[in-house]
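Here's the structure, in C-alpha cells; my notes come after.
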Amino acid sequence: MIHWWRRTSFVALLIVLTINLLAGLLDHYFLPKTGVLLLLQLAVVVCTFLSSTWVSILAACLCALSFNFFFTSPQYTLHMNNGEDIINVLVFFIIGLLTSYAVGFWRRQKHRLALAELRTSMLMSVSHDLRTPLAAVMGALETLQTYTDKLEPQEHQELLTSARAQSERLYRYIENLLQATRFELDEGVSLIRSKQPLMPIIESVCARFDVDEVRISHSLSDLKLYAQAPLLEQAFHNVIDNAVSFNEGNAAVVDVSVTASTENILIQIHDEGPGVPKAYRDEIFKPFTSLREKESSDAGTGVGLTVAQSIIRAHGGDISLVPSVTGCTMQITLPTKRV
C-alpha cells in the first residue's frame, strides 16, 4: 500500500510539473490566461483520479501558486495587483477542492459497491460450496453413531478418515474466504515478515499430498527470503492444490520447480490437465471464478488463486499463467530481498 501511494503520488506530481511547463510554453506564444487556468485545472483533475485526496489538494495548491508566480502580474512574485487574477485563483482553488471531494466520494461509493458484491458472492459461495464437505462430515459421524456396533474396525477407520479429510477441506475453504475478505478490505496487506528458508515451506506444502501427486525439482539448499511463512504456505498450497485437482484422471504428477537469481526466486507449478482456455486467462485470478461446473464436488469456492495472488503480491512478488505446450503452468516470482 505504501509503495502504491508513493508511486501514484510521484506520477501525479510529475503530471503537475509537465502540465505547468506545457502551460508556460503555450503562454509564451499564444495561450490566454483562461487557457492556462484550464490546463492547470486539468492537471488537478488527473492527479485526483490517479492519487489520493491529499495529493490532489497539494496539486491544487501547487498549481494555484504556479499560476500566481508565473502567469500573473507582477510575474515571479506572490503578489497580485489584478482583481480578476485574484478571483481566478480563488475559483481555481475551490474547483480543485470540490473535484477532490467528488472523486473521493465516488471512490468510497465504488468501494462500498465492491464490498456489497463481495458479500453477496461470499454468501452464495458459503451456501453452496461449503455445504458438500459439511454434509459429508455430518453423514460420516452420524453413521458412526448409529451403526457403531455393526461396523467393522476398517469401516470405522474409513469413516473417520473421510470425516477428517472433509473437515480439512472445509477449513481450507473458510480460511480462503477469510483471507479473500481481508485482502479485499486492505486489512491483510501489512505483513509481519522475517527471514525464512524457502524450501522447508514448499516441502511442507507438498508433504500434504500423496507422493505420486507432486514432485519437487531444485538444486538449492540455503535459499532464504523475507516472508510471513504461514501466509506464503497458504498461497503455495492453493496453487499446488489447484494443479493437483486438474491433474486428476491421468498418471501425470504436478511438477514444482524452483530456481533463483541474485534478486528473484522463480517457482513454476506445472500440471498435465486440460489447461486454461484463452477466454479465461484474464479471469482465473478474479474472486469466485472457477473453470469447473458448480455441480462438481471439486469446484471449490473460486477464491484460491485470488488469495494466492494477493498474498504473493503483498510479499512484493507476482503470479502469472505462462505458456506451456501441454497442461497449465503457473509461475510465481518472489524477491529475495526485503521490499
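With the simple model of a label 7 Å out from the Cα in the direction of the Cβ, GLU263 to LYS278 spans 3.3 nm.
Centre-to-centre separation between the Cα atoms of the stretch 209-271 and those of the stretch 42-76: 50 Å. Straightening the chain between ALA116 and PHE10 buys 35.0 nm, computed as 0.36 nm per residue apart minus the Cα-Cα spacing. Between the beta carbons of GLU158 and THR289, assuming R0 = 45 Å, the FRET efficiency works out to 0.85 to the nearest 0.05.
The stretch between TYR29 and TYR171, if pulled fully straight at 0.36 nm per residue, gains 44.3 nm over its current Cα-Cα span. With a simple spin-label model that places each label point 7 Å from the Cα along the Cα-to-Cβ direction, the separation between ASP318 and ARG131 comes to 4.0 nm. Where Lys and Arg each count +1 and Asp and Glu each count -1, what net charge lies around HIS156 among other residues with Cβ under 15 Å from its Cβ? Result for the neighbourhood of HIS156: -3. In the stretch 194-335, if the dipole is taken from +1 on Lys/Arg beta carbons and -1 on Asp/Glu beta carbons about the Cα centre, which of GLY317, GLN234, VAL244 is farthest to the positive end? Checked the options; the winner is GLY317.
Electrostatic bookkeeping for ALA102 treats Lys and Arg as +1 and Asp and Glu as -1; over the other residues with beta carbon under 13 Å from its beta carbon, the sum is +3. Under a 5 Å amide H cut-off, with hydrogens placed 1.01 Å from N, LYS224 pairs with LEU198 among residues at least 5 apart or on other chains.
Listed from fewest to most Cβ neighbours within 10 Å, the set ASP212, ASP85 follows the order ASP212, ASP85. Taking 7 Å steps out from each Cα toward its Cβ at PHE70 and LEU22 produces label points 1.3 nm apart. Positive end of the dipole of the stretch 130-184 (Cβ unit charges, origin at the Cα centre): among GLN154, SER167, LEU177, the Cα lying farthest that way belongs to LEU177. Shown here are the Rg and Dmax of the Cα trace of the stretch 130-184, at 14.4, 50 Å.
If the segment from LYS337 to ILE87 were pulled out straight at 0.36 nm per residue, it would be longer than the present Cα-Cα gap by 84.7 nm. In terms of other Cβ atoms within 10 Å, LYS33, LYS150, LYS337 run from fewest to most in the order LYS150, LYS337, LYS33. For the peptides 35-41, 277-283, the ranking by packing is 35-41, 277-283, with the highest mean count of neighbouring Cβ atoms within 10 Å listed first.
Each reported figure results from applying straightforward, stated rules to the coordinates on display, with no laboratory input. Nothing here was measured: the structure is a model prediction, and the numbers come from that model. Positions of Cβ are generated from backbone atoms using ideal geometry, with glycine treated the same way; all protein chains shown enter the neighbour counts.
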